[in-house]
Amino acid sequence: GIGHRTLICCAHCTSIPTDPPKSSERALAVILDEHRSIAAVVRGMRDLVQHAQASDIAPDLASLEAMLAYLQAFSLQLHHPKEEVYLHRRLRERLPESEPLLQEIEGQHVREHALVAETLASLKAAKAEDAAATAALVDRVSMLADAVVHHIGLEERSGAAGGTAALA
């Protein structure tokens with residue numbers, strides 16, 4: 001796994017680190033931590049709109065707007081560029097056969113940008129208290145959440161293992 005290796009002497013002892021994590025392990029740990037943060041936000045968005053639907057009330061637009069702002073500022077402006085500049089570049093150099101996968105992942109990055117923009121536009125329309133716009137917002141949130149969860153899953157299933165070799 002990612003992280004430092006430990007040695008456990010006996011049941012009475014605590015674990016003793018045997019070596020510090022490599023920089024590649026630390027880098028991948030950061031990316032995986034970021035994935036967990038992004039996934040928590042999209043789960044929160046999905047839960048928020050599902051609760052509103054189940055309760056037959058309008059979703060909390062201010063909270064959705066804050067969550068979308070987070071995705072714009074962090075996921076789209078920092079996380080994806082970091083993956084592309086550092087991890088994907090190294091994968092391309094060291095594992096040229098990863099190119100089709102990287103193109104798919106980067107295409108998903110572009111699609112997520114578009115979905116966030118579309119969801120923000122739906123949110124803006126829903127602020128005008130338009131019932132149809134609110135329904136469209138719920139659909140957009142669901143589409144965005146599905147896309148992000150699928151994307152993170154693809155990256156972690158296919159890229160994390162190869163990423164360790166590429167970053168080493």
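The values are calculated or read from the model by the stated rules, or taken from the named source; none is laboratory data. Keep in mind it's a predicted model, so treat the numbers as computed, not measured. All Cβ positions, even for glycine, are placed from backbone atoms using ideal geometry, and neighbour counts span all protein chains on display. Please note that ligands, DNA and RNA were not included when accessible areas were found on the heavy atoms of the full protein model with its side chains. Shrake-Rupley method; radii C 1.70, N 1.55, O 1.52, S 1.80 Å.
Scanning segment 62-90 for residues that are over 14 Å from the mean Cα position of the chain (by Cα) and open to solvent by less than 10 Å² (accessible area, probe 1.4 Å) yields 64, 88. Based on what the data block shows, is residue 156 at positive phi and open to solvent by 20 Å² or more (accessible area, probe 1.4 Å)? In short, no. Is it the case, given these coordinates, that residue 75 is in contact with a helix residue (DSSP H, G or I) (Cβ under 6 Å, 6 or more places away or on another chain) and free of Cβ contacts under 8 Å to residues at least 24 places away in the same chain? Spelling it out, it is not the case that residue 75 is in contact with a helix residue (DSSP H, G or I) (Cβ under 6 Å, 6 or more places away or on another chain) and free of Cβ contacts under 8 Å to residues at least 24 places away in the same chain.
When residue 119 is tested against (1) open to solvent by less than 60 Å² (accessible area, probe 1.4 Å); (2) over 18 Å from the mean Cα position of the chain (by Cα); (3) in contact (Cβ under 8 Å) with a residue 40 or more places away in the chain, exactly one condition is not met: (2). Under the condition of being open to solvent by 40 Å² or more (accessible area, probe 1.4 Å) and of a type in the set (D, E, K, R), the residues counted in segment 25-41 number 3.
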